[in-house]
Each structure stands twice: as structure tokens, then as C-alpha cells.
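The values are calculated or read from the model by the stated rules, or taken from the named source; none is laboratory data. Bear in mind that the values here come from a model prediction, so they are computed numbers and not experimental data. Quick reminder, even Gly has a Cβ in these numbers, built from the backbone with ideal geometry, and neighbours come from all protein chains shown.
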Amino acid sequence: MQIDIGELQKRGDVPTRIGFGRGLETIAEIDNRVVALGADITSSVSMNFFQARFPERFFSLGIAEQNIMGVAAGMALSGKIPFAATYGVFSALRTTDQIRVSICYNNIPVKIGGAHAGISVGPDGATHQALEDIAVMRALPNMTILSPCDATQAAQATEAAVTQVPGPAYIRFGREAVPDFIPEDLPFVPGKAQKLKDGSDLTLIATGHMIWEALQAAKILDKEGIHVSVLNIHTIKPLDSQAIIKAAESTGVIVTVEEHQLFGGLGSAVAEVLAQQFPVPMAMVGMPDCFGESGTPEQLLKKYGLHAQNIAAVAKNKLQKIKS
Amino acid sequence: MKSAIQDTKELKSIARQLRRDVINSLATAGSGHLGASLGLADIFAVLYFSHLNHQPQNPHWSQRDRLVLSIGHVAPILYASLANAGYFHRDELATLRKLGSRLQGHPGLDTQLPGLETSSGSLGQGLSIAVGMALTAKYDKKKWQVYSIHGDGELQEGAIWEAAMSASHYKLDNLTAIVDRNRVQIDGPTHRVMSLEPLPDKFQAFGWHVLECNGNSIKDLLDVLHKAREYTGKPTVILAHTKMGAGVAQIEDDYSWHGKAPDAKQRIAFLKALDNAN
């Protein structure tokens, strides 16, 4: 799917967690097997829309994340499609063993919401900024990982987690309001990357909130005569390796961008594909093996280089190094 | 189940058969967990041949009672029970722990073994799964009951108590947790490894209906399981006092037999001991 960047207009700023909440409400309307399990932060992860609409299908389980994943497994084994959502640091990391054995080994349709993904969580600081969730979830067999780029896509991904993913899914979304720009009629197919901009000099491969930054970086580079492609990896697993290899073939240089540790995240996943099938020069933008900290989202994204100017600079440097 | 057996002599003989199958399958496998598999044989005989509402010829029957084996390491007693109940042929028990077998060392749902409700093996997860099943039955207004089987050492896992809290919060009286209270674990007696008592008080404080019984007495088990099914308003926990290795006199209460399999000589000796037991 190819779209000219000129068509991608920002409609406003909406948190991706709102997209998750709205998507859950929509799919629950269509599929009465959908139930939701709360972990005391129901509004914070936007499951309050579901709770208000379907109170009898909402089950509060308190601050007990290990139990929530097991209860979700038991409900899925009994024919339900449970959504269990809390902050990604808890839903992916505190509960990893439950997800591994009770959910992934059983290969059952539990849909896990990972909220407050990335450093853009802001002032809450390191404990609440999920930066390792992709690495851990990616290592689990049978798991699908969806990482939508805006609120519209978060709603699409949440619905697709039910309609198009038969087994376990982890849906990653953020806290802050971010640009909402994906055309509502752009089809969302899990496992199929979206090329959002075309250029021949380099490909920016990004996920989640970093897609908007990558698109802005592309604009900066355009002005300097460097024309890059932007590939939206909204599904980290299964990874669209064909699209990644194609990008490497057509542009020869790859820069990955993610709000996640460099170890084990999108960049690693892309490198795994390219190193084995089509090695090309690569650079990776992400968290350099360190914890986050308190600050405004803008300050933190700037400090850790997760913004358009730095992405453009990294891309430019990489191209210059290759030429020299 | 139509063929529900109430006769204690017949159930005793079934329990002996399950123990034989456990000893044989573990000896053939060359590894596995003998002690608790034997200690639980009476509980499994009563559940699968008298108490559970199930249809071995129709394993996915939607109205069946569910049994969650939280302690996956005692898979041999579950497999022996399923085979003898008719879920699959007893010959398959000889494939335990072998490459390509449906009888994995710890149960795996991906094997599609008939009668298996969930994978298990990581301790402390099964009670949450049972809560999820019981909650679903309540929500869907179904009559089926949920049973979960736990080790006493397993209760040291914190997740068990998260699950215990949620079971009483939702008044899951369709849930019965059975604790194999054999008082031993790998490192030794539970009171030395990590104290569990006062165990009945702990469950009571968590809002549970607590029953205790001799977990190696068929008569006691029939009685206590009936009481648990009839009880309303709270989930029930049965603290079933058992002997690890029960039925084989020379290894009873010997915790070194938690994770061992008998060799060829021991196999013969243990089978003989079984026959000599009353």
C-alpha cells in the first residue's frame, strides 16, 4: 500500500490508548465472546468505555496482574475472548511466566493490552515506561505483537486482534496525545507492513508513535534532497520480512526507529531478517540500554534522540558514512 | 457420568490400577515424578470414576466438569486416569516423556490429548485458570463445576493467593481446589522449607469454605467431594492429607521420591508392594 506523504494530514492529537478503548468497545459490540478484565487502572488504559457499555462483561480483578493473566487464560479456555490490559511494564513483564505457559503454550485467544509504552509516558519515570515489552513478548512462540502508530490505527489493531488473530496478541499503546493521521480507509492487516512514503535513498522503518516522527524526518530530508521511504511496522510479530527485504533491495540503507530498548526490539527484529537474507548498512534509533527518567514527553524524546531532527541526522550520517 | 462408581472396593481397585500404570509408565520413561503421582491416586480414582461429570468418548462435551492440574509434574497420574477412563488407549502410557508423544513430561495442550484442559508445569498458575473457568460458568449460568489440583509446596507461590482472593470475591462456589497436603517438597518437609500452617485459617481468612480429609481414603474423598459440590456461597478448598508415595510401603513419606522414576528392579518391587497392600 503506497501513499504520498502529502495525503497524510494530521486530524488532531489523540492518545493511542483512546484508540484501544474505542476499538475494544466496537469489537465487543460485534462479538459477544469479548470480555474485559480490569487491573485497577481501567480508565487509564481506556477500558472504561467498555465497562460503561458492557458492565456485565467487565470483571475487576484488582492489583494482581499474575492472576489476571491466568483468569484470562481460564476464560479463553472456556470460549471467551478476554482483554487484559494494564501498563506494559506489568502486563508484559510482571506476568511473563503466566503469558508464556498459561496463554502462549496453550495458544489461546487472550488479548493483552500494554499501555504506557515508551519513554513518552513522561513524568512517571523509569518504572512506568515500558521499554522492554517488545523484546520479551517477541521471544514467546504463538504471540502476535501489534504496535499501532496512532489512535485510528490502535482502534483498527484492537479489532483486528479479535477478527484476524486466532491466538494470543499483545497490543502496545501509549499515554500521551499524539498526531492522528492514518486514513480511516487504509486497510489494517496484521503482519502486512504499510509503506507510508516512497523514496529511493534510504528506508526509515519505524513502529508506534515513532511513525509520525519518521514522517517528519522524511520531510526534513526531502528539503535537503534526500528522499527516503517510510515503512510502518504496526505488527512486530509476525514480522513482514518480505516488505523489509524489498525496502533493503530498493533503497540499500535501513534506519529503524522505536520507543523501546535497542536490544530485542524492532531494530533487532529487522536486523535478524536482513543479516540472514539481505544484508545492507543499518542504523538503529531507540533506547541505548538504559532506563528512562522523569520529564515532559517532549524533553525525554529530545534527550534520547527519539524525534524527527535526530532521526533525520542519523539517516544523513549513515548515508555520508557509506559514501565516504 | 452414567457409570459413576460409588463402591469403595471397586474404586480402591481402580486406584491400584492407576498406581500400577504410574509405576510402569515412569519406569519405561526413565524419569518423572513418582511420589505425588502415587499419593494422588485415590483422589484421581474418585474424581474420574465417581465424581466428575464427564464423557470420555466426547472430551469436548460443553457441559463437562473441568479439572485443572496445577501441578503439571504429576502428569503421570492424570494420564493414567484419562487412559483408564477411556479418553485414549492405555498402550499410549508407555510413550510418556518420549519424543513425539502426546504424554509430555508436563502436560501440553498443543498435543491435543483428549481430556486435557490446559497446559501446566509452572507452579502457581492453575488456580487462576480455574477461577477464569468458574467465572465463565457463573457468567454463562452453566452448571458445570471446576476442580483444581495443587501441591502444598505450590501454595508458597504468591499468585495462588491472588487467585484465592479473586475466587472468594466472585463467590465461586462452583470451584473446588484440592490441595495434596503431603507435607513434603523437594528440599524436605514443608514446615522446614517454608511454613504453610495455619493452612485452614489462611484459606478461611481468604473467604474460602475449608474441608479436610484423608486424601488416601476413598470413603472420605467421596464424602468430602459431595459436600464441596453441595456447598453454596463460597469456593471450597479440600486439604487432602496424603502420603507421598502412598500404596508403596517402602517409599511412603520419603520426599527423595518427589522427582524420581523407579529402575527395573524397583519397578518389580513396587508393583509387588502394591499387590501386598490392602
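Tally time: how many residues in region B:162-175 are charged (D, E, K, R) and either in a strand (DSSP E or B) or closer than 15 Å to B:ALA228 by Cβ (or both)?
The number of residues fulfilling the criteria is 2.
Yes/no matrix, rows are residues, columns are (1) in contact with a Leu (Cβ under 9 Å, 6 or more places away or on another chain); (2) closer than 17 Å to B:GLY126 by Cα:
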{"residue": "B:GLY39", "(1), (2)": "no, no"}
{"residue": "B:ARG64", "(1), (2)": "yes, no"}
{"residue": "B:LEU67", "(1), (2)": "yes, yes"}
{"residue": "B:SER70", "(1), (2)": "yes, yes"}
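Of B:GLU230, B:GLU162, which residue is among the charged types (D, E, K, R) and farther than 17 Å from B:LEU47 by Cβ?
B:GLU162
Any residue at all in region B:194-205 that is more than 8 Å from every other protein chain (Cβ to nearest Cβ) and in contact with a Phe, Trp or Tyr (Cβ under 6 Å, 6 or more places away or on another chain)?
No, region B:194-205 contains no residue that is more than 8 Å from every other protein chain (Cβ to nearest Cβ) and in contact with a Phe, Trp or Tyr (Cβ under 6 Å, 6 or more places away or on another chain).
Being crowded, with 24+ Cβ neighbours inside 10 Å, touching a residue at least 24 places away in the same chain (Cβ under 8 Å) and touching a strand residue (DSSP E or B) at 6+ places or on another chain (Cβ under 6 Å) is the requirement here; does A:ILE103 meet it?
No: the conditions fail for A:ILE103.
Mind listing whichever residues of region B:225-242 are in a helix (DSSP H, G or I) and more than 15 Å from the chain's Cα centre (by Cα)?
B:HIS226, B:LYS227, B:ALA228, B:ARG229, B:GLU230
All but one of (1) within 20 Å of B:GLU162 (Cβ to Cβ); (2) facing chain B (nearest Cβ under 10 Å); (3) surrounded by fewer than 19 Cβ atoms within 10 Å (Cβ to Cβ) hold for A:THR96; which doesn't?
Just one mismatch for A:THR96, condition (2).
Do you know which of the residues in region B:1-31 that are among the small types (Gly, Ala, Ser) and closer than 17 Å to B:LEU274 by Cβ is surrounded by the fewest Cβ atoms within 10 Å (Cβ to Cβ)?
That would be B:SER13.
Go through region A:1-100 and tell me which strands (runs of 3 or more DSSP E), entirely inside it, have 1 or more residues that are closer than 21 Å to B:TYR170 by Cβ.
Because the criterion is at least 1 residues that are closer than 21 Å to B:TYR170 by Cβ, the strands (runs of 3 or more DSSP E) in region A:1-100 that meet it are A:34-38, A:58-60, A:81-87.
Could you list, in sequence order, the residues of region B:55-76 that are in a strand (DSSP E or B) and either of a type in the set (Lys, Arg) or over 27 Å from B:TRP161 (Cα atoms) (or both)?
Correct list: B:ARG66 only.
Please determine whether any residue of region A:113-136 is within 14 Å of another protein chain (Cβ to nearest Cβ), more than 23 Å from A:GLU29 (Cβ to Cβ) and surrounded by fewer than 24 Cβ atoms within 10 Å (Cβ to Cβ).
no
Go through A:PHE54, A:PHE58 for me and flag whichever is at negative phi, in contact with a Gly (Cβ under 7 Å, 6 or more places away or on another chain) and more than 9 Å from every other protein chain (Cβ to nearest Cβ).
Result of the check over A:PHE54, A:PHE58: A:PHE58.
When you look at A:GLU213, is it among the charged types (D, E, K, R), more than 27 Å from A:PRO109 (Cβ to Cβ) and not in a strand (DSSP E or B), yes or no?
The answer is yes for A:GLU213.
When you look at A:MET69, is it over 18 Å from B:ASP140 (Cα atoms), at the interface with another protein chain (Cβ under 9 Å from one of its Cβ atoms) and modelled with pLDDT of 95 or more, yes or no?
Spelling it out, A:MET69 is indeed over 18 Å from B:ASP140 (Cα atoms), at the interface with another protein chain (Cβ under 9 Å from one of its Cβ atoms) and modelled with pLDDT of 95 or more.
If the requirement is being crowded, with 24+ Cβ neighbours inside 10 Å and either of a type outside the set (Gly, Ala, Ser) or within 19 Å of the chain's Cα centre (by Cα) (or both), which of these qualifies: A:LEU262, A:LEU221, A:LEU266, A:LEU239?
A:LEU266
Going through region B:108-161 one residue at a time, which ones are assigned to a loop (DSSP other than H, G, I, E, B), charged (D, E, K, R) and at the interface with chain A (Cβ under 7 Å from one of its Cβ atoms)?
B:GLU117, the sole residue that qualifies.
Return a yes/no flag: does region A:298-311 have any residue that is small (Gly, Ala, Ser), under 22 Å from A:PRO123 (Cα atoms) and surrounded by fewer than 17 Cβ atoms within 10 Å (Cβ to Cβ).
yes
Can you find even one residue in region A:189-208 that is basic (Lys, Arg), surrounded by fewer than 24 Cβ atoms within 10 Å (Cβ to Cβ) and in a helix (DSSP H, G or I)?
Within region A:189-208, none of the residues are basic (Lys, Arg), surrounded by fewer than 24 Cβ atoms within 10 Å (Cβ to Cβ) and in a helix (DSSP H, G or I).
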